[in-house]
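Before any comments, here is the structure.
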Amino acid sequence: MTLVIVALVVSIVLILVLLYIFRDAGNAENYFNNSTSVFNIITAVGIVMSGIWAFSTFDLLNQRDIAQAQLIDLQKKAKSIESSKIQLSTEIVDYRGVGSGKDHKGLIVKVKLTNVGNKPIEFDLTNSPMKIYEIAAQGTEMGFLKLYKPVVFSSLASMGGSGENTPLDKFISLTSSERELSYFAVLPSNKMYYIVFSTQSGNIVDEDVEACDKPAGCKWFVSKYIFLK
């Protein structure tokens, strides 16, 4: 559009210049001189128009290359979305545990992990991602009195036997899949608790997935307060 406007303006100017030059073209000598001037003007205008056309063409090609690069980058990111939904729910059961008094209850904590992205996600379950804080609060200030770290087990050993429970260290949530982790603890009742599930996304070998910023990393986090009656 800009090139068309420039060409139109140049054409108008050229016509005005020609009209001015030939206004007094009365004899052959003046005609020859005027013709030479017109030829020089047309040549100069042609050079200028060629330069404008070349510059506009280069600019359009450059904009096209930039747009294509941006489109490829957006397509790459759209194919490399790593995202999940995390939900935390609790259930109180009338279970006092072995050797616990009547003032204890069983607490089941369920963490539902739903992969809504386009890439598998690896969840790291080491370093106790589930923490249950028995808290004391005054106004908006609080602190914990005792910390519990329940574990998800992939297998259990027999009670009193020589074997050991096997904790689940990590798992991979596949695309469009849903997983639920269940934690259990026997806790004193009539207490206030703060439940936190926090873990980092593991390193999946995929060149299309951008690495998380260091040292923060990608953290999945959910929390909940509960009063254990």
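Worth pointing out:
- Additional length obtainable on full extension of the chain from Thr114 to Ile66, 0.36 nm per residue less Cα span: 13.6 nm
- For Ser100, no residue 5 or more places off, or on another chain, has a built amide H under 5 Å of its own.
- Taking other Cβ atoms within 10 Å as a rough exposure proxy, Glu164, Glu122 sort from fewest to most as Glu164, Glu122.
- Candidates Tyr225, Pro150, Asn165 compared by Cα position along the dipole of the stretch 84-228: farthest toward the positive end lies Tyr225, with charges placed on Cβ.
- Less than 5 angstrom separates the built amide H of Val151 from those of Phe184, all sequence-distant by 5 or more or on a different chain.
- Global size of the stretch 106-160: 16.2, 45 Å for Rg and Dmax (C-alpha atoms, Rg to one decimal, Dmax whole).
- Average Cα contact separation per residue, the stretch 84-228, under 8 Å, 6 or more apart, as relative contact order %: 30 percent
- Local electrostatic count, Ser89, Cβ distance below 15 Å [Lys/Arg +1, Asp/Glu -1]: +2
- Stretched out straight at 0.36 nm per residue, the stretch from Tyr95 to Lys170 would grow longer than its current Cα-Cα span by 24.2 nm.
- Cross-link pairs beyond the 22 Å C-alpha cut-off, checked among Lys110/Lys131; Lys85/Lys131; Lys105/Lys170; Lys110/Lys224; Lys146/Lys191; Lys102/Lys146: Lys105/Lys170
Any read-out appearing in this document is the output of simple, stated calculations on the displayed coordinates, not a laboratory observation. From a predicted model like this one, the values you see are computed outputs, not experimental measurements. Counting neighbours? That spans all protein chains shown, and the Cβs are built from the backbone with ideal geometry, glycine included.
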